[in-house]
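Step one of this worksheet: look at the structure below.
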Amino acid sequence: MDEFPDYLCLTDLLDQDLSSYEYFQTLAPEVQTALRREDGSVGTLDELQARAEHLRRSGLF
């Protein structure tokens, strides 16, 4: 069983999960903007961290 529930989207995740919100706030503004554009594809803290790492590794930010 997963430790964290799945949320509908990034906005819901950030509104409902303090750990995710705090992590999101540590990201560069450009990464935050890119993640917000993908709002529907992120529903857990693990997905948020993975997407942020993918963006970082891609060299876009």
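Would you mind calculating the gained length between Asp12 and Arg36 on full extension (0.36 nm times residue separation, minus the Cα-Cα distance), in nm to one decimal?
Values: separation 24, 0.36 × 24 = 8.64 nm, distance 1.13 nm.
Separation in residues times 0.36 nm, less the Cα-Cα distance, equals 7.5 nm.
Magnitude of the charge dipole for the chain, about its Cα centre and with charges confined to Cβ atoms of Lys, Arg (+1) and Asp, Glu (-1), is about 420 debye. The candidate values are (1) 1.24; (2) 1.14; (3) 0.95; the one derived from this structure for Rg/Rh (Cα atoms, Kirkwood Rh) carries the label (3).
Taking only protein heavy atoms and a 1.4 Å probe, what accessible area per residue, in Å², does segment 1-59 have with all protein chains in place?
Working: 3960 Å² over 59 residues.
Value for segment 1-59: 67 Å² per residue.
In degrees from 0 to 90, rounded to the nearest 10, what is the angle of the helix 45-57 Cα long axis to the longest principal axis of the chain? It is inclined by approximately 10 degrees.
The values are calculated or read from the model by the stated rules, or taken from the named source; none is laboratory data. Quick caveat, the model's predicted, so the values are computed rather than measured. A quick note on method: Cβ atoms are made from the backbone with ideal geometry, for glycine too, and the neighbour counts reach across all protein chains shown. Just the protein is used for accessible areas: all its heavy atoms, side chains included, with ligands, DNA and RNA removed. Shrake-Rupley method; radii C 1.70, N 1.55, O 1.52, S 1.80 Å.
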